[in-house]
Amino acid sequence: MNTVMVKPERCIGCRHCEIACAIEHSQSKTLFGAIAEDPIPKPRIHVEVGPGLLTFPNRCRHCDPAPCLQVCPTGALSRDQETDSVIVDYNKCIACGACAMVCPFGIIQFEKTYQVSLDRNVNTKCDHCIDRQKEGRIPACVEACKTGALEFGDINDLIRTTRKDFTYKILTPSGGEPEVPEIPENIQAFRDIMKKITEIGIFQE
Amino acid sequence: MYVDPKVLKEESEKRSLDKTDQEIVQKAMEDGLETVWDRLEKQQPQCGFGQLGICCNRCVMGPCRIDPFGGEPKRGVCGATNDLITARNVLDDLAAGAAAHSDHGREVIEVLLETAEGKSQGYKIQDVDKLKTVAAEYGIETKGERKETIAKNLALAMLEEFGTIKNEIQLVKRAPQKTQDMWKKFGIVPRSVDREIVEALHRIHMGVGADYVNILLHALRTSLSDGWGGSMMATEGSDILFGTPTPNTALVNLGVLKKDEVNIVLHGHNPILSEMIVIAVDDAELKKLAKEKGAKGINLVGMCCTGNELLMRHGIPIAGNMLDQELAIATGSVEVMVIDYQCIFPSITDTAKCYHTKIVSTSEKSKVPGATHLEFHPENALDTAKEIVKLAIENYPNRDMNRVKIPDKPMKLMAGFSEEAIRGALGGTYKPLIDAIVAGKIRGAVGIVGCNNPKVKQDYGHITLGKELIKRDILVVETGCAAIASGKAGLLLPEAASLAGDGLRSVCEALKIPPILHMGSCVDCSRILMLAANIAKELNVGIEDLPLGGAAPEWYSQKAISIGAYFVASGVFTVLDVPLKVFGSPNVVNLLTDGLNGLINSAFAIEPDPVKAADILEEVIEKKRKGLGI
């Protein structure tokens, strides 16, 4: 199963993924075209802030079985067999919010999209960039991520890298050369400083 | 708008340290006013590439960014590495800061020139002694000359230095010889004020060098052209025109606004127009008009560094520092906020729209949509000032008294500690201070300067660090928002000496001075340089040898980078709390926090915890004391 794996420790909150996602879900598929469109395209991935100003890019996990799909009363949600994605038939969506009530990740959103002709809000959650996938391309958010926080591939392959790193670490005295690089000292130092700043101001928990 | 009082209280305590500020933070929230803290929350998350300094947005082959985790991309399209991109960003920010200070300085000297030529309205040369002293440094004949002639020659000589081809700035020679020799050795003696800024802009262009060390050395040189050039000219020019400050007492915090008077807030940095407003409010006709409109009088208060300038010289009350600008308006009691430039929120006119407040912009280079623009020109400055006061009076009947809330207890403070005043109080020589330092009663001194930053609880950094240092017998001198913060907290009073260690306390009590001295606005960090320079000269050492430190605990602006850099380049070890945008380059971090030590016996440290910052500064001071054999 191909999926987008998130490495939260590598997310630096730049929101490139959000912009790339909005562009991908625009009519023009270009930045300069997208910002002038009506309805204006919205990102379907959300970079949220947590403790210590650390960030996490949250998007549809395309669960299987998918709670949203199971509860949808109109059959607007279905699974694309080729890509294992949970997709929305916008014309069938009645914006009742049942899917949002059961979504464990809180990533359902109701927005206007050019993909439905009626002037109403529909479930515009992540569609796994299904059009791109069918052209053999990776999802737009993953392509945009320059820090490796988002990776696309077979879930077991992606997990295997970490497993292999651990094996190297435990078997070599120096820790070996990991495939997933450690967080560099300077970045850790920066995060430690920002964490302290969150303790002395409005970011206090 | 209803907000749970408990939530209001908790949130206000996160935003601001001062009780009077907290009171108005709560009112602003109840009023549904969007403030800087709300905007900061809406900006989360803030881009990591930008924060780490590894985003380059200069040319259109880009914008580019570097993977901070060591993967690809490792270079921008042009080939720039994380080191180069970070260094160029630092230089860019620093040059903007130096430009802001120096352009402010230029305008002061221009007014000095027009005043000397009899072309300005309302201005006088008020400190003839200083005029003569500075003129003598420039080799200008003062004996038997009219003060106007001296002032004209001095103004022309100073203005010439902005673009001079002499390859030197006169005021730089005020630094101790040893410090100057160090600058010569590393090729960072500033050659003119504008030149270093222009060259900085040249150097950040694509393809002008790829050596981050070379770029950062130029950043130091640019900062020196600010501290020992543009900023120092701003200080000296303002002193000559408006008088060199002497110790005074005044009031501070939002409580200086008055319920039954026309409130005018003077906000920004350059005192040239505000000084005329100080004269204008004494106009009998305007006073009469205020009475006719139902006000008991006209209440002039300062804000930020324009406020500091007026406080230092006239004891005009000061409403607050950078994060107080929206809060002052939120009291619902401000008829007019006059703005000149720097640190004025671009949204200030929208803030004002929620109340009856009018924003009056006065500088040709700093217009804000929605403001009433009454432009400052030296030829008719007093007329403009009167027009502004009249506008404020006429706006008084529009005040909705039901929406007014003013904290009721202004704090007392002591300000006006120019370098000359400090030296004067010591009997004309620094010997008594040096003796106290040698004897260990005072371990050293730290300049706490810089801004507010909504990422840090307002004033928390300044106050905690200040208290921590005086407790350890370290004298503190302050400018800018830091000084206003200490004022609000009651630390600028002689009584605050009780919070100091035994040694510092005894010195403060003997001299009847506070343990934290207010030395002026942010361009007046040049006064701190002069204090350090004169002490070093009496001891025949360099500034870098003295037991001094600097700190910018709540800095936000490019100007603060320039100040921090000229402190460090002048030999003063400086601690910042909010990180510089350099952590995407370990090499640049290492150079700024360590490598510079080997060049100029001083460096930066980044430490958000003010107590730990005090530990770092104390350690540096003790190390330098050891170096001096004391």
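Here is how the numbers come out for the structure above:
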| read-out | value |
| --- | --- |
| Scope region B:146-157; condition out of contact with any Leu (no Cβ under 8 Å at 6 or more places or on another chain) and surrounded by 15 or more Cβ atoms within 10 Å (Cβ to Cβ); matching residues | B:THR149, B:ASN153, B:ALA157 |
| Residue in region A:164-175 that is part of a helix (DSSP H, G or I) and either closer than 17 Å to A:PRO8 by Cα or within 11 Å of chain B (Cβ to nearest Cβ) (or both) present | no |
| Yes/no for A:GLN81 being in the same structural domain as A:ALA149 (by TED's automatic domain parsing) and touching a residue at least 24 places away in the same chain (Cβ under 8 Å) | no |
| Residue pairs meeting the criteria (Cβ under 7 Å; at least 6 apart or on separate chains; first within 11 Å of chain A (Cβ to nearest Cβ), in region B:67-92; second part of a loop (DSSP other than H, G, I, E, B) and among the small types (Gly, Ala, Ser)) | B:PRO68/B:GLY584; B:PHE69/A:GLY148; B:GLY71/A:GLY148; B:ASN82/B:GLY584; B:ASN82/B:SER585; B:THR86/B:GLY53; B:THR86/B:GLY584; B:THR86/B:SER585 |
| Residue count for region B:192-210, restricted to those that are open to solvent by 40 Å² or more (accessible area, probe 1.4 Å) and not in a helix (DSSP H, G or I) | 6 |
| Complete set of residues in region A:1-56 that are assigned to a loop (DSSP other than H, G, I, E, B), away from chain B (no Cβ under 12 Å) and within 22 Å of B:GLN46 (Cα to Cα) | A:ILE35, A:PRO41, A:LYS42, A:PRO43, A:ARG44, A:ILE45 |
| Residue within region B:383-405 that is assigned to a strand (DSSP E or B) and among the small types (Gly, Ala, Ser) present | no |
| Where A:ARG132 falls short, out of the listed (1) surrounded by 12 or more Cβ atoms within 10 Å (Cβ to Cβ); (2) in a loop (DSSP other than H, G, I, E, B); (3) in the same structural domain as A:ASP84 (by TED's automatic domain parsing) | (2) |
| Condition met for A:PRO73 (more than 14 Å from chain B (Cβ to nearest Cβ), at pLDDT 95 or above and more than 15 Å from the chain's Cα centre (by Cα)) | yes |
| Test: residue in region B:459-467 that is within 20 Å of B:ASP502 (Cα to Cα), in a helix (DSSP H, G or I), touching a residue at least 60 places away in the same chain (Cβ under 8 Å) and within 17 Å of the chain's Cα centre (by Cα) | yes |
| Some residue of region A:197-205 being at pLDDT below 90, aromatic (Phe, Trp, Tyr) and within 26 Å of the chain's Cα centre (by Cα) | yes |
| Options B:LEU94, B:LEU84; residue that is touching an Asp or Glu at 6+ places or on another chain (Cβ under 9 Å) and closer than 18 Å to B:CYS59 by Cβ | B:LEU84 |
| Spans of strands (runs of 3 or more DSSP E) in region B:261-361 with at least 3 residues open to solvent by 20 Å² or more (accessible area, probe 1.4 Å) | none |
| Residue match in region A:31-40 (condition: among the small types (Gly, Ala, Ser) and open to solvent by less than 30 Å² (accessible area, probe 1.4 Å)) | yes |
| B:MET182 being touching a helix residue (DSSP H, G or I) at 6+ places or on another chain (Cβ under 7 Å) and open to solvent by 10 Å² or more (accessible area, probe 1.4 Å) | yes |
| Condition broken by A:CYS103, with the remaining ones in (1) under 23 Å from A:ALA149 (Cα atoms); (2) open to solvent by less than 20 Å² (accessible area, probe 1.4 Å); (3) hydrophobic (A, V, I, L, M, F, W, C) satisfied | (2) |
| Scan of region B:41-66 for residues that are without any contact (Cβ under 8 Å) to a residue 24 or more places away in the chain and within 12 Å of chain A (Cβ to nearest Cβ), ordered by number | B:GLU41, B:LYS42, B:GLN43, B:GLN44, B:PRO45, B:GLN46, B:CYS47, B:GLY48, B:PRO63, B:CYS64, B:ARG65 |
| Selection status of B:ILE484, part of a helix (DSSP H, G or I), away from every other protein chain (no Cβ under 14 Å) and either out of contact with any Pro (no Cβ under 9 Å at 6 or more places or on another chain) or crowded, with 24+ Cβ neighbours inside 10 Å (or both) | yes |
| Count of residues meeting criterion [open to solvent by 30 Å² or more (accessible area, probe 1.4 Å) and in a helix (DSSP H, G or I)] in region B:127-145 | 6 |
| B:GLY427 vs. criteria surrounded by fewer than 22 Cβ atoms within 10 Å (Cβ to Cβ) and modelled with pLDDT under 95 | yes |
| Selection count where residues are modelled with pLDDT of 95 or more and either over 24 Å from the mean Cα position of the chain (by Cα) or of a type in the set (A, V, I, L, M, F, W, C) (or both), scope region B:200-251 | 29 |
| B:LYS367 being without any contact (Cβ under 8 Å) to a residue 60 or more places away in the chain, touching a Gly at 6+ places or on another chain (Cβ under 8 Å), surrounded by fewer than 20 Cβ atoms within 10 Å (Cβ to Cβ) and basic (Lys, Arg) | no |
| Residue that is of a type in the set (S, T, N, Q), at negative phi and without any contact (Cβ under 8 Å) to a residue 40 or more places away in the chain, where the choices are B:THR179, B:THR149 | B:THR149 |
| Qualifying positions in region B:587-609 - open to solvent by 10 Å² or more (accessible area, probe 1.4 Å) and within 14 Å of chain A (Cβ to nearest Cβ) | B:ASN587, B:VAL589, B:ASN590, B:LEU591, B:LEU592, B:THR593, B:ASP594, B:PHE604, B:ALA605, B:ILE606, B:GLU607, B:ASP609 |
| Lone unmet requirement of (1) within 13 Å of another protein chain (Cβ to nearest Cβ); (2) more than 27 Å from the chain's Cα centre (by Cα); (3) of a type in the set (Lys, Arg); (4) farther than 23 Å from A:ILE12 by Cα for B:LYS27 | (1) |
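The values are calculated or read from the model by the stated rules, or taken from the named source; none is laboratory data. Small disclaimer: the values here were computed from a predicted structure and weren't measured. Every residue, glycine as well, gets a Cβ built from its backbone with ideal geometry; the counts of neighbours run over all protein chains shown. The accessibility values were calculated without ligands, DNA or RNA, using every heavy atom of the protein model including side chains. Shrake-Rupley method; radii C 1.70, N 1.55, O 1.52, S 1.80 Å.
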